Amino acid sequence: MNSPYIAARGLGKSFGGKPVLADVSFTVEPGDVVGVLGKNGAGKTTLLELVLGFTPATAGSVQLFGYDSYRLPGKAKARVGFVPQQDELVNQLTAADQIGVIASFYPKWDDELVGRLSREWEVDLNQRVKNMSVGQRQKLSILVGLGHRPDVLILDEPVASLDPVARRQFLEQIIEVAADGNRSVVFSSHIVSDVERLASKIWILKDRRMYWQGDFDSLKDSVVRLHVRATSPLPASLEIPNALRLERNGTTAAAIVQGWHAQAQEALAQGLGAELEIEQLTLEEIFLELHR
Amino acid sequence: MKAIARLIYTYFTGTPLLRFITLAGLVAGIGGAALNLYLPPLTGGSGNPARFSLAQEAVIFLLPVAGLLCFVFGPSLLPAMFARLASSHHLYVLPHGRTKLLASALATVALTALFAAAIVTLYYYKTPLVLDLIFERAFAVSFVTTSFLYVVLWLTGKGGAIGLLVGSFVMVATLVLPLRFIAIPSTSLAMPWTAGALLWTIFATGFLLAPRLDAPLGRLRQTLSELTGSTYRGGGEIDFLIGTARPWTLAAGQIVPIAIATYVMSRASWAPVAWVFFLTIISVTTGAVASLAATRGRALWLRARWTRAELFHRVENAFWRYNCYTLGVLLLLLVGIGDSLALPTRALAFGMGLLALGTALSTYIGLTVTARIGWRDAALAVIVMLALMRTAVHVSSPATPTTTIVAYEIGLAALSLIVRELARRRWGRLDWMLCRPDTAVRASA
């Protein structure tokens, strides 16, 4: 079995004594496409920056390709790509020069890929960066992060400035290109539908901790909406184990249950003397319920 | 190596204008030096028949100098690009990014100095001077001054009072060092080499260790901020938003570069009147803080009920309050230096007026920056700077008639009023869409 590209254990970060991330552990295996979800201030950017070694962890450790990410050697850096939330391009240069400058740092650069994507994304390589629209700059920023075909590509809200049509097509292409075979992608986004569509693994950050991690199917099976229909009024003291929220209305009730499993259904139905119906939620619904 | 070469190439050719300047510098520098070498001008003056007309000889004579100047300004993208890459997240993930970026800056400075030294040496090739020594002196002085020049551009480009303060300190050194070694050729080269090595060592150490220094520097900034108190006090909203809340930082900070310049200039036995010249330059630098006013004023426009014209008057008043501190310190220093070095009373009196005019002009030029800086703005700034320098020379020279100095200072006062009117009009039709932070930062640089 391949060793994980990224492995974090008990990772934590504080700023001025105030914790922004605590006790986070995870791994990213070759081929994983990880979507990171969380409310504003949940610690998404901090987590990605810790993975990339921009800042030292105040607790635990994170390793990238087996190296301490804060002391990443050059050969490991050549295998990482990063697209920041706000582009960091040089305004005075043309897009071609910007790509050329960044390309010169890497031993290998896929000119064919960058050329093809720039045509498909309609990025004018002769245009000066300062004259580009926000969306064009973001596309260029991604080209710069992709060109060396990194084994791990980390994107911090990469498509926030694109319109929905461009976003959908564009993100799919990034994943296709960046996550082929043994390459991995970790991306954070506020757009839950993008994560649902593209990610093979989901991390949900809540209250500075890794609240949930795993594949989307497991999450959908784990967090469900439960409809209870009884022939007589349900008791006022009705309790459903692991319910995040419970609404009762005479003979019916609806609950959002976390940690649901098939065996629980039969036991609960018998206990309540009611008919149970399980409704699976979309990722957006799950996300909203978890943060309610 | 590939990355370093690419970065150097981009510094020189990143924009069409820089490509032109660099190419012009190469052609004029090499071509001019070759012409001087093979078709030496001014042969008529040495008893030989003249080959060219006087105008042609002047062109041949000045061509290498023009080429040299062009080549020095060719890599003008270096400070801006260095600053952008240095502050980006890319530098953390680019393989050996920090080292390569630093090496590219050092190599660019060395390349520029090498070109300058080669041109100067070729220039003097047919003279009886010792060429090795000329090359060595020219290289050492060019290397140090170019290094300091780029550090100034980088620091001032970062914006903020501290950047300007350190920039003004470095600028004094930039002006003092080469003049000293040009003026006194017998001076040892140990000092410029030491200054250059020290500058690069400090810069490289700070730059390479920046990721490690982030946390302790953050704590230091926090402590300093706690010590100096809050920049915001009730009723001081304008000062807080446009950055004039702490006038003492810049005013007191001027003392450091001036103290260092005092040391250097006293060792070089400079005439005391040179002080008027240097203090005038410092007054211009400190006034440049105003170039960020329009961008910062955006926040005021959104929150207050003032018209654009009213906003201009309030910002103008805030900057004059701010400038009173910096100008006050400069005037006190001039009086103190003048008293201790027995500066002529006339130079002292007109010098004080000139400092006030320098501050006023630079403040109003700063306030004219309400959009991307164009060639007209750049030309105006250069003209004002040259006019101030010229006046400073006249003020310092005992041979200049008083009426000439008065005429110059009245001319500068009139120019201040014209530039103020220009700034007022620009603020009156200020387009906040065109007034963006990056524009202002470039302008301050």
Original post:
Among the residues of segment A:75-94, is any out of contact with any Leu (no Cβ under 9 Å at 6 or more places or on another chain), under 24 Å from B:Met1 (Cβ atoms) and free of Cβ contacts under 8 Å to residues at least 60 places away in the same chain?
Top reply: yes
Original post:
Quick check, is B:Leu37 in a helix (DSSP H, G or I) and modelled with pLDDT under 80?
Top reply: yes
Subject >> Complete set of residues in segment B:1-29 that are more than 10 Å from every other protein chain (Cβ to nearest Cβ), of a type in the set (A, V, I, L, M) and either crowded, with 21+ Cβ neighbours inside 10 Å or over 27 Å from the mean Cα position of the chain (by Cα) (or both) >> reply: B:Ile21, B:Ala28
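Taking into account only those residues within segment B:387-414 that are small (Gly, Ala, Ser) and without any contact (Cβ under 8 Å) to a residue 40 or more places away in the chain, which is surrounded by the most Cβ atoms within 10 Å (Cβ to Cβ)? Walk me through how you get there before you give the answer.
First, the residues of segment B:387-414 that are small (Gly, Ala, Ser): B:387, B:392, B:396-397, B:399, B:407, B:411, B:413-414.
Checking the rest, the ones that are also without any contact (Cβ under 8 Å) to a residue 40 or more places away in the chain come to B:387, B:399, B:407, B:411, B:414.
Details: B:Ala387: 16, B:Ala399: 6, B:Ala407: 13, B:Gly411: 13, B:Ala414: 10.
Restricting to residues being small (Gly, Ala, Ser) and without any contact (Cβ under 8 Å) to a residue 40 or more places away in the chain, the top hit is B:Ala387.
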Subject >> Count of residues meeting criterion [free of Cβ contacts under 8 Å to residues at least 24 places away in the same chain and either of a type in the set (Val, Ile, Thr) or within 27 Å of B:Ala215 (Cβ to Cβ) (or both)] in segment A:1-39 >> reply: 5
Subject >> Single residue of segment A:62-75 satisfying the filter (at pLDDT 90 or above and buried (at least 17 other Cβ atoms within 10 Å of the Cβ)) that is nearest to the other protein chains (Cβ to nearest Cβ) >> reply: A:Leu64
Subject >> Test for B:Gly366: is it part of a helix (DSSP H, G or I), over 18 Å from the mean Cα position of the chain (by Cα) and touching a residue at least 24 places away in the same chain (Cβ under 8 Å) >> reply: no
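Given the condition within 13 Å of chain B (Cβ to nearest Cβ), of a type in the set (Val, Ile, Thr) and surrounded by fewer than 16 Cβ atoms within 10 Å (Cβ to Cβ), answer yes or no: does some residue in segment A:98-117 qualify? Step through it out loud before you land on a result.
First, pick out the residues of segment A:98-117 that are within 13 Å of chain B (Cβ to nearest Cβ): A:98-109.
Keeping just the survivors that are of a type in the set (Val, Ile, Thr) gives A:99, A:101-102.
Right, trim to surrounded by fewer than 16 Cβ atoms within 10 Å (Cβ to Cβ) and you get none.
The answer is no, given that none of the residues of segment A:98-117 is within 13 Å of chain B (Cβ to nearest Cβ), of a type in the set (Val, Ile, Thr) and surrounded by fewer than 16 Cβ atoms within 10 Å (Cβ to Cβ).
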Subject >> Subset of segment A:147-162 [away from chain B (no Cβ under 13 Å) and either farther than 19 Å from A:Glu196 by Cβ or of a type in the set (Phe, Trp, Tyr) (or both)] >> reply: A:Arg149, A:Ser161
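I'd like to check which helices (runs of 4 or more DSSP H) are fully inside segment A:176-292 and have at least 1 residues that are at pLDDT 85 or above. Talk me through it step by step, then tell me what you get.
On the way: elements: A:192-198, A:216-222, A:262-272, A:283-290.
So the answer is A:192-198, A:216-222, A:283-290.
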**OP:** With the condition kept exactly as written, say whether any residue in segment B:375-386 is more than 14 Å from chain A (Cβ to nearest Cβ), surrounded by fewer than 17 Cβ atoms within 10 Å (Cβ to Cβ) and modelled with pLDDT of 90 or more.
**Re:** no
Original post:
Restricting attention to segment B:62-86, which residues are within 13 Å of another protein chain (Cβ to nearest Cβ), touching a helix residue (DSSP H, G or I) at 6+ places or on another chain (Cβ under 9 Å) and either assigned to a helix (DSSP H, G or I) or within 30 Å of A:Lys75 (Cβ to Cβ) (or both)?
Top reply: B:Leu77, B:Leu78, B:Pro79, B:Ala80, B:Met81, B:Phe82, B:Ala83, B:Leu85, B:Ala86
Original post:
Does A:Val90 count as aliphatic (A, V, I, L, M), out of contact with any strand residue (DSSP E or B) (no Cβ under 7 Å at 6 or more places or on another chain), within 24 Å of A:Leu140 (Cβ to Cβ) and within 7 Å of chain B (Cβ to nearest Cβ)?
Top reply: yes
**OP:** Select from segment A:125-145 the residues that are assigned to a helix (DSSP H, G or I) and within 12 Å of chain B (Cβ to nearest Cβ) and write down the one among them that is surrounded by the fewest Cβ atoms within 10 Å (Cβ to Cβ).
**Re:** A:Asn131
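The values are calculated or read from the model by the stated rules, or taken from the named source; none is laboratory data. Everything numeric here is computed off the predicted structure, so don't read it as measured data. Reconstructed Cβ throughout: ideal geometry from the backbone, glycine too, with neighbour counts over all protein chains shown.
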